[in-house]
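Here the structure comes first, spelled out in structure tokens, and everything after it is commentary.
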Amino acid sequence: MENYLIHKYSLNGFNIVLDVHSGAVHIVDELSYRLLDYIKNDFVKDCPDEIYQALDKEYPHADITEAYGELYKLYEDGVLFSADDYEPFKEMMVNSPIKSMCLHIAHDCNLRCSYCFASTGDFGKGRKLMPFEIGKKAIDFLIEHSGARKNLELDFFGGEPLMNFEVVKQIVDYARSKEKEHNKLFRFTLTTNGVLLDDEKIDYINKEMYNIVLSLDGRKEVNDKVRKCVNGSGSYDIIVPKFKRLVEKRGDGQYYVRGTFTKFNEDFTNDVMELRRLGFDQVSVEPVVSDLENDYAITEKELPRVFEEYERLAKLLLELKAKKEGINFFHFMIDLEQGPCAIKRLRGCGCGNEYIAVTPDGDIYPCHQFVGMEEWKMGSVLDNTINKEMKNTFARANIYGKQECKECWAKFYCSGGCNANNMQYRGDILKPHRISCELEKKRLECAIMMKAAQL
Amino acid sequence: MKHIKTLNTANLKKSTAKGGCGECQASCQSACKTSCTVANQKCENANK
């Protein structure tokens, strides 16, 4: 028994044991849960006397023997205390084809959200729309650098992409015209604040976009406190009817209504419920990314309250699901059976390697969150250049190169976290940002508990 | 088993055999753009 990692926790009446390296999740009774505390360095077939001595007063002898035997069987089957033998796969973490692109179609925005990581749309670089010629070169770049990858993802991002919608359409047409010749399949996504949506745009988006991300924070007072129009008024009343119309017309197509929570709405369950009340069933509400100095930032101090809120939300979603009135909450989605392979899980998002962001000027950055940081500019679609050394650095950034991740039970679920967050908060893409880690771990605990509750 | 229920049958270790094809979605593209959650993604390997 060596090099193993388990995570055990109790939540909502369930004793849960995650065997990290096999990915197995066990729901155990109290006796088995306690037995695990006594199994440390060696797991022998017959229950040792010291365990009987420790637990005999509380549990029948036969039960201890039986529970111990069941744990041992899991161990023998390789689904408990399984060893970490993934490290050799880190050698596979080399330069990959580029398959995902975040296209900054507009470095301009018609809202002035106070928490915007893009400096209210322009990423600190001046307001600008991407010309079609740059978009076209970006598509050519993506096709050329995608090797044998068939599925290519292109996200129209901003700023606000609808401020440059004609160019969005031109780029979609151009990309589609190249699919057959190069044996590629483009999947388009668009992230929008909704202000400029109308029926024509809605129909186009629903036809062409594989996924659409609609930004709305939940309750009117919460949304309007931070998501403001240029004149300072709230955006809720403008965008909600448009989002409802889009989703109504979308049918089964993928979408997310995506909100941000801050210190101002630590009771964000109420915002998730507001989005549900509005008729949205695909919802993501996520913690703000910001300088810790900002008055709305989620800091260490807020963590206990946020954890409590995640638990409240998980329990509420379970109740709703039992009544067949549930919704899908993005951060509680987990696939314990058919999720991504372990190799994918070694390095997560792929930024700077498989995934890049392109600005309106054609500059390439590792991802949208690095845009504007000059030292992270890694090439240009104009002259078809990419900094191979920097690409290699990102390609090699995997959980076995991040000491804190290597020893973390959540390593195969978040895969080393967000490199941009790591950079922003710790100045090193290999050093995970603790607050993000803690939030991710709590979400995972809730997500797994929800699976247990539905067993 | 009387004391234990196992939630899933898949073993992550088996997924390495035909893994690493790279066809699955970049995790940041799906909704978040500000965090990294990988375990909720679909495997898109056509040859597994």
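The values are calculated or read from the model by the stated rules, or taken from the named source; none is laboratory data. Note that the structure is a prediction, hence the values are computed from the model and not measured. Reconstructed Cβ throughout: ideal geometry from the backbone, glycine too, with neighbour counts over all protein chains shown. The protein model used for the area step is the full one, side chains on, heavy atoms only, and it has no ligands, DNA or RNA in it. Shrake-Rupley method; radii C 1.70, N 1.55, O 1.52, S 1.80 Å.
Is it the case that region A:326-344 has a residue that's closer than 30 Å to residue A:386 by Cβ and not in a loop (DSSP other than H, G, I, E, B)?
Looking for residues that are closer than 30 Å to residue A:386 by Cβ and not in a loop (DSSP other than H, G, I, E, B), one finds at least one in region A:326-344, hence yes.
Within the set of pairs 6+ apart or on separate chains, which have a first residue in region A:324-341 that is more than 7 Å from chain B (Cβ to nearest Cβ), a second that is of a type in the set (Lys, Arg) and open to solvent by 20 Å² or more (accessible area, probe 1.4 Å), and C-beta atoms under 9 Å apart?
A:325/A:276; A:326/A:276; A:327/A:276; A:327/A:321
Residue by residue through region A:210-241, note down the ones that are within 16 Å of residue A:285 (Cβ to Cβ) and in a loop (DSSP other than H, G, I, E, B).
Result: A:216, A:217, A:218, A:219, A:227.
Which numbered condition trips up residue A:318, out of (1) surrounded by fewer than 16 Cβ atoms within 10 Å (Cβ to Cβ); (2) more than 14 Å from every other protein chain (Cβ to nearest Cβ); (3) at negative phi; (4) of a type outside the set (Lys, Arg)?
(1)
Within region A:387-428, considering only helices (runs of 4 or more DSSP H) that don't extend past its boundaries, which have at least 3 residues that are under 12 Å from residue A:350 (Cα atoms) and open to solvent by 10 Å² or more (accessible area, probe 1.4 Å)?
Here the list reads A:388-395.
For region A:436-455, give me the residue count where each residue is open to solvent by 10 Å² or more (accessible area, probe 1.4 Å) and more than 9 Å from chain B (Cβ to nearest Cβ).
Looking only at that region, the number is 8.
Test of understanding: among A:138, A:54, A:118, A:83, which residue is touching a residue at least 40 places away in the same chain (Cβ under 8 Å), more than 14 Å from every other protein chain (Cβ to nearest Cβ) and not β-branched (Val, Ile, Thr)?
Of the residues listed, the single one that is touching a residue at least 40 places away in the same chain (Cβ under 8 Å), more than 14 Å from every other protein chain (Cβ to nearest Cβ) and not β-branched (Val, Ile, Thr) is A:138.
Listed residues A:276, A:312, A:305, A:258; which is assigned to a helix (DSSP H, G or I), open to solvent by 20 Å² or more (accessible area, probe 1.4 Å) and in contact with a Leu (Cβ under 9 Å, 6 or more places away or on another chain)?
Going through A:276, A:312, A:305, A:258 in turn, just one is assigned to a helix (DSSP H, G or I), open to solvent by 20 Å² or more (accessible area, probe 1.4 Å) and in contact with a Leu (Cβ under 9 Å, 6 or more places away or on another chain): A:276.
Give the residue that is nearest to the other protein chains (Cβ to nearest Cβ), with candidates limited to residues of region A:279-302 that are open to solvent by less than 40 Å² (accessible area, probe 1.4 Å), in a loop (DSSP other than H, G, I, E, B) and not hydrophobic (A, V, I, L, M, F, W, C).
Selected residue: A:290.
With respect to residue B:17, determine if the residue is at the interface with another protein chain (Cβ under 7 Å from one of its Cβ atoms) and either modelled with pLDDT under 85 or at positive phi (or both).
Here the answer is no, as residue B:17 does not meet what is asked.
Checking the condition over 21 Å from residue A:374 (Cβ atoms) and surrounded by 20 or more Cβ atoms within 10 Å (Cβ to Cβ), which residue from A:79, A:94 passes?
Only one candidate passes the filter, namely A:79.
If you take the residues in region A:261-273 that are more than 14 Å from every other protein chain (Cβ to nearest Cβ), of a type outside the set (D, E, K, R) and buried (at least 21 other Cβ atoms within 10 Å of the Cβ), which one is nearest to residue A:316 (Cα to Cα)?
For region A:261-273, the residue satisfying everything is A:269.
(1) touching a His at 6+ places or on another chain (Cβ under 6 Å); (2) of a type in the set (A, V, I, L, M, F, W, C); (3) in the same structural domain as residue A:183 (by the TED database): which one isn't true of residue A:67, the others all being true?
Condition (3) is where residue A:67 drops out.
Look at region A:88-115 and say how many of its residues are of a type in the set (Asp, Glu) and within 12 Å of another protein chain (Cβ to nearest Cβ).
So the count comes out to 1.
Considering only region A:1-18, state which residues are crowded, with 20+ Cβ neighbours inside 10 Å and either facing another protein chain (nearest Cβ under 9 Å) or not in a strand (DSSP E or B) (or both).
A:16, A:17
Any chance you could count how many residues in region A:121-149 are assigned to a loop (DSSP other than H, G, I, E, B) and crowded, with 19+ Cβ neighbours inside 10 Å?
Qualifying residue count, region A:121-149: 6.
Suppose we filter region A:18-74 for residues that are among the acidic types (Asp, Glu) and closer than 30 Å to residue A:405 by Cβ; how many remain?
Residues flagged as among the acidic types (Asp, Glu) and closer than 30 Å to residue A:405 by Cβ within region A:18-74 amount to 3.
Could you list, in sequence order, the residues of region A:388-406 that are polar (S, T, N, Q), away from every other protein chain (no Cβ under 14 Å) and either under 16 Å from the mean Cα position of the chain (by Cα) or closer than 23 Å to residue B:33 by Cβ (or both)?
Within region A:388-406, A:393 is the sole residue that qualifies.
As an exercise: evaluate residue A:409 against (1) in contact with a strand residue (DSSP E or B) (Cβ under 6 Å, 6 or more places away or on another chain); (2) more than 30 Å from residue A:25 (Cβ to Cβ); (3) more than 10 Å from chain B (Cβ to nearest Cβ) and give the number of the one condition it does not meet.
Residue A:409 satisfies every listed condition except (2).
What's the total number of residues in region A:353-365 that are within 26 Å of residue A:401 (Cβ to Cβ) and away from chain B (no Cβ under 11 Å)?
Residues in region A:353-365 being within 26 Å of residue A:401 (Cβ to Cβ) and away from chain B (no Cβ under 11 Å): 2 in total.
Residue A:103 passes all but one of (1) modelled with pLDDT of 95 or more; (2) over 23 Å from the mean Cα position of the chain (by Cα); (3) surrounded by 13 or more Cβ atoms within 10 Å (Cβ to Cβ); which number fails?
It fails just one condition, (2).
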